[in-house]
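*Asks:* Please read through the structure below; I'll follow up with questions.
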Amino acid sequence: GTVNTDRDFEAVTVQLGPGATNRFEQVNTEGRSSAQWMPWTGIDFDDGSGIEVAVGWSGAWRGDFALDRGRLAASAGMVRTHFRLLPGETIRQPSVLVFTRGKDVSPRAFQTVIHRFMVDVKSPRDAKGALLKPILPITCGGGNKTPEMMRKVIDWTKANGMPFDTFWVDAGWNGPAHTPDLISNCGNMWYNFTGDWRFNPTVHPDGNLGAVADYAHAAGLRMLLWLEPERCVSDPPPPVFREHRGWLLPKDDAKVGKGRLAGVRALNVNLGDEAAWSWVLETVSEHVRASKLDIYRQDFNMCPLPLWQDNDAPDRQGVTEAKYIAGLYRFWDALRARFPHLIIENCASGGRRLDFEAVSRAHSYCRTDYAIFHRGPSQIVDMQRTLLNTLPYLPFQGSETTPA
């Protein structure tokens, strides 16, 4: 998986058997499914056959593989579960894909079989059933570009015959009135205003990007906007969350950054809470309408697992996470039902939610944040490895790589 290093998506080979280990574990400790490990594991047997196992869960999962008297024992699921259900209550659990490979098919050739399955069965489609294709964007930070500056970027693109098909506005456009740094592309304060999804009136006095979207559409470009509705800053929380503090995890201010939550400074908007879920759906929907979006980019820059686990009683361990992940899927599905043309782009700190349940609902254009910084020639090798090792599981690749 990815943790934003030069070893992201590196292939790992483990031998189970005599003279080797008899057990191998994969454990996600973040709560974002492809941090640390991609939730795909290939198993090759001595006779030349094999299987491939995938976990469909956009939260925390684990896989356990052991050789016991010549037989493989494999299990996969959530990292921690110990719960009872209340009367009438239902929850969702991880889904699993298992592919079998005969002796006559090599492990490498089998990757094409998996890739075709992901394209044909697990890729988002429009209302007519046609595949939603990936984009080729010109990217613009949202923090320091006024609408006039954005129009100049679009003019430059067209005047120079650049083949882009999308105008991408990234982080930094939101928050209370403030003047951002004019050097940093997203502005120097974008991270501090997450949860306040009003347009910064100092830079965007219209309160939306509808006029910019009209300009982009007239130039033949689609419109993309970044949001991060699952994370909220804690100091101080935005106005809506001062009124609805119960929508956030942890629920107790005294726990923020302390004890089991040491190091956790952000609050998590609980998608397992029906009122919070409805607010997220309506907030994002209004931005899709007002800014005339064709692509909605959803980021998620925090590790939520400690907050989910802290919210569970001893006999309800795993319930908060299960309801949260079900809420995430329901949100994405409801958004697509409202806007069948919409492409959802799933970022999560760059490629940290690449399980097949997420991939079936959203494209992912930034597979690792390691790609977006200047790191010299070795970065080309790193990005090639990322491409080749994720291609079977991510049907559509491209877009965000080394900046020029």
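The values are calculated or read from the model by the stated rules, or taken from the named source; none is laboratory data. In this text the structure is predicted, and so the values were computed from the model without any measurement. Positions of Cβ are generated from backbone atoms using ideal geometry, with glycine treated the same way; all protein chains shown enter the neighbour counts. Protein only, heavy atoms only, side chains kept; ligands, DNA and RNA dropped before computing areas. Shrake-Rupley method; radii C 1.70, N 1.55, O 1.52, S 1.80 Å.
*Asks:* Could you give each residue of region 29-38 its phi-based ³J(HN,Hα) in whole Hz, using Karplus coefficients 6.51, -1.76, 1.60 with θ = phi - 60°, and x for Gly or Pro?
*Replies:* Those phi angles translate into 10, 9, x, 10, 5, 10, 6, 6, 10, 5 Hz.
*Asks:* Sticking with this one: Provide ARG32, ARG222 ordered by accessible surface of protein heavy atoms (probe 1.4 Å), highest first.
*Replies:* Ranked list, largest accessible area first: ARG222, ARG32.
*Asks:* Another question, then. Working only with C-alpha atoms, what are the Rg and Dmax values of region 16-59, expressed in angstrom?
*Replies:* 13.0, 37
*Asks:* Please get the size of the charge dipole for region 226-314, origin at its Cα centre, with Cβ charges of +1 on Lys and Arg and -1 on Asp and Glu, quoted in debye to the nearest 20.
*Replies:* In total the dipole reaches around 240 debye.
*Asks:* Still on this structure: Hey, what do the phi angles of region 212-217 turn into as Karplus ³J(HN,Hα) couplings, whole Hz, using 6.51/-1.76/1.60 and θ = phi - 60°, x for Gly and Pro?
*Replies:* 5, 4, 4, 5, 5, 4
*Asks:* Residue by residue through region 140-151, which ³J(HN,Hα) values in whole Hz follow from phi under the Karplus form 6.51 cos²θ - 1.76 cosθ + 1.60 (θ = phi - 60°), with glycine and proline marked x?
*Replies:* Values per residue, Gly and Pro as x: 9, x, x, x, 10, 10, 6, x, 5, 5, 5, 5 Hz.
*Asks:* Please report how many Lys pairs in the chain have alpha carbons closer than 21 angstrom, counting only residues at least 8 apart along the chain or sitting on separate chains.
*Replies:* 8
*Asks:* Dividing the Cα radius of gyration by the Kirkwood radius, what Rg/Rh value follows for region 201-308?
*Replies:* We get a ratio of 1.06 for region 201-308.
*Asks:* Which order do VAL3, VAL203 take by accessible area at a 1.4 Å probe, largest first?
*Replies:* VAL3, VAL203
*Asks:* Which value in deg cm²/dmol, rounded to the nearest 500, describes the helix-derived mean residue ellipticity at 222 nm for the chain, given -39,500 (n - 2.57) per DSSP H run of n ≥ 4 and division by the residue count?
*Replies:* Theoretical 222 nm ellipticity from helices: -8000 deg cm²/dmol.
*Asks:* Still on this model: Would you please classify the overall shape of the chain from the alpha carbon gyration tensor, given that a ≥ b ≥ c denote the square roots of the eigenvalues, rounded means a/c under 1.5, and beyond that prolate means a/b larger than b/c while oblate covers the rest?
*Replies:* Verdict is oblate for the chain.
*Asks:* Provide the packing ranking of 342-354, 128-140, 269-281, i.e. peptides ordered by the mean count of other C-beta atoms within 10 Å per residue, highest first.
*Replies:* So the order, starting with the most tightly packed, is 342-354, 269-281, 128-140.
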